[in-house]
Amino acid sequence: MASVHHLETRAPAWVASFRRYERHLSAAGMVLGFAVDNFTFGRIDHPGPHIIFVAYLAVAAVSIAFAHALQAAKDRRDARSAVGRDLRIAQDAEETAPEPERPSRLQLWLPVITQFALGGLWSGFLVFYWRSAAVAASWPFLLLLGGFLVGNEVFRRYHARLVFATLLFFFALYSYAVFVVPVFTKSIGVAVFIASGLLATILFFVFLGLLRTLGRARYRQSRWKIIGGALGIVAAMNAFYFTGILPPLPLALADVGVFQSIRHSGSVYVAQAENQPWTAQFGLTRPTLHVAPGQKLILYTAVFAPIKMTTRISHRWQIWDPQTGHWQTKSVVSFAISGGREHGYRGYSIKSNLLPGDWRVNVIAEDGRLIGRAAFKIIAVAAPVETAARTLQ
């Protein structure tokens with residue numbers, strides 16, 4: 001506080017200005033950081049992003065452990081001082097207790113370092129999970145990550161608390177394991193997800209062992225809160241996965257569209273598509289497709305998967321039934337895809353006998369999670385309408 005007061009005395013104008021706009025600058029910096037991450041983070045199967053994530057996790061682990069060790073040492077010194085004072089035989093009646101030991105500069109900076117590392121993790125996770133997510137299904141998890149990203153600044157003072165920082169670290173570790181294990185194993189599914197959770201839990205208990213070694217008494221005071229919170233995180237992540245809320249990383253929908261016809265031409269596909277208003281082109285409204293008797297529609301997808309990964313996806317064609325108030329599945333087409341292509345593995349399914357009404361096609365991963373969705377409205381017409389060619393990469 002003395003150094004801050006000295007700084008304010010020497011430069012009151014710019015310090016006061018900074019403090020006045022500190023929250024706005026922090027919010028702007030957070031948005032800018034997320035935009036930069038979205039631009040700079042490349043493919044999930046390239047080493048660059050994983051080097052950054054591992055570095056952030058390592059910095060968070062070291063800063064949390066170091067802060068715990070310093071606080072544990074300070075607690076021991078305070079305890080010895082208290083015992084020494086209690087053993088004094090004679091004391092002056094007016095003697096005042098010594099001032100409590102002030103935290104060192106390192107102790108003040110370590111929570112800031114933890115906040116920086118966790119903030120980088122939340123931003124990077126949000127980039128990749130957002131790319132993979134179908135918002136209609138995964139919005140609760142995306143909202144949670146966004147809340148952590150915003151709350152990382154709002155609750156910065158709590159990063160000095162062992163339970164709070166440790167549980168945030170475990171959630172970050174778990175979130176990273178969920179998509180790094182499939183990248184290395186080249187597969188997805190329930191077994192891979194469970195293996196990801198076990199890996200994150202084992203690494204976390206190794207970290208807890210380090211905390212216990214660095215400050216046994218302080219760790220014992222908090223261990224049941226940490227363990228209880230960790231169990232809650234495990235339960236939440238499993239609930240997210242088995243209810244389909246967790247995005248299907250490392251898969252991501254690169255392109256999707258419904259067309260009247262499609263053909264393979266060299267290295268590209270050429271499709272015939274009905275012209276749509278700009279609101280449908282930008283996803284503000286559903287496309288409207290006019291279908292003549294006997295005409296078929298084609299659902300085209302390009303799904304990104306990591307290099308050497310082979311899995312299966314499904315196109316689930318559904319129509320809305322206003323009488324039952326539910327979506328009725330009319331057909332399911334499943335096929336294998338291979339990873340590695342920059343713009344995603346291309347494939348399509350064909351549907352005939354189309355009824356007028358509201359339709360959607362869910363693109364489903366092998367483990368049942370939603371990769372993406374195409375929603376549209378069908379109107380019956382007497383003759384085919386005019387279409388325009390569109391090249392699909």
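The values are calculated or read from the model by the stated rules, or taken from the named source; none is laboratory data. The model shown is predicted, which means the values in this text are computed figures rather than measured ones. Every residue, glycine as well, gets a Cβ built from its backbone with ideal geometry; the counts of neighbours run over all protein chains shown. Heads up: the accessible areas ignore ligands, DNA and RNA and are worked out on the full protein's heavy atoms, side chains in. Shrake-Rupley method; radii C 1.70, N 1.55, O 1.52, S 1.80 Å.
Taking segment 348-388 on its own, how many of its residues are among the small types (Gly, Ala, Ser) and closer than 29 Å to Trp130 by Cβ? The number of residues fulfilling the criteria is 6.
When the criteria are applied in full, Ser338 fails the requirement of being small (Gly, Ala, Ser), under 30 Å from Thr310 (Cβ atoms), exposed (fewer than 12 other Cβ atoms within 10 Å of the Cβ) and modelled with pLDDT under 95. The criterion of being open to solvent by 80 Å² or more (accessible area, probe 1.4 Å) and of a type in the set (Ser, Thr, Tyr) holds for Thr310.
Suppose the filter is assigned to a loop (DSSP other than H, G, I, E, B), at negative phi and without any contact (Cβ under 8 Å) to a residue 40 or more places away in the chain; does Thr213 pass it? For Thr213, the condition - assigned to a loop (DSSP other than H, G, I, E, B), at negative phi and without any contact (Cβ under 8 Å) to a residue 40 or more places away in the chain - is not met. Please determine, by comparing only the residues of segment 341-374 that are open to solvent by 40 Å² or more (accessible area, probe 1.4 Å) and hydrophobic (A, V, I, L, M, F, W, C), which one is farthest from Ser187 (Cα to Cα). Only one residue fits best here, namely Leu355. Residues in segment 181-193 that are within 16 Å of the chain's Cα centre (by Cα) and within 17 Å of Phe141 (Cβ to Cβ) were compared, and the one that is surrounded by the fewest Cβ atoms within 10 Å (Cβ to Cβ) is Phe193. Filtering segment 239-259 to residues that are out of contact with any helix residue (DSSP H, G or I) (no Cβ under 7 Å at 6 or more places or on another chain) and either free of Cβ contacts under 8 Å to residues at least 60 places away in the same chain or open to solvent by 20 Å² or more (accessible area, probe 1.4 Å) (or both) leaves Ala239, Phe242, Thr243, Leu253, Ala254, Asp255, Val256, Val258. Of all the residues in segment 122-133, those that are open to solvent by less than 10 Å² (accessible area, probe 1.4 Å) and either within 18 Å of His343 (Cα to Cα) or in contact with a Ser or Thr (Cβ under 8 Å, 6 or more places away or on another chain) (or both) number 5. Of all positions in segment 197-204, none carries a residue that is under 18 Å from Leu173 (Cβ atoms), touching a residue at least 60 places away in the same chain (Cβ under 8 Å), in contact with a Phe, Trp or Tyr (Cβ under 9 Å, 6 or more places away or on another chain) and part of a helix (DSSP H, G or I). Selection over segment 163-174 of residues that are more than 17 Å from Leu126 (Cβ to Cβ) and open to solvent by less than 10 Å² (accessible area, probe 1.4 Å) gives a count of 3.
Among the residues making up segment 184-198, a single one is under 18 Å from Ile227 (Cβ atoms) and hydrophobic (A, V, I, L, M, F, W, C): Leu198. If you go through segment 279-302 and keep only what is touching a residue at least 60 places away in the same chain (Cβ under 8 Å), more than 20 Å from Val363 (Cα to Cα) and in a loop (DSSP other than H, G, I, E, B), you end up with Ala292, Pro293, Gln295. Provide a single number: the residues in segment 260-272 that are part of a strand (DSSP E or B) and open to solvent by 20 Å² or more (accessible area, probe 1.4 Å). Count: 9.
Do we find that Ala177 is within 22 Å of Gly228 (Cβ to Cβ), small (Gly, Ala, Ser), open to solvent by 20 Å² or more (accessible area, probe 1.4 Å) and in contact with a helix residue (DSSP H, G or I) (Cβ under 6 Å, 6 or more places away or on another chain) in this structure? Criteria not met by Ala177.
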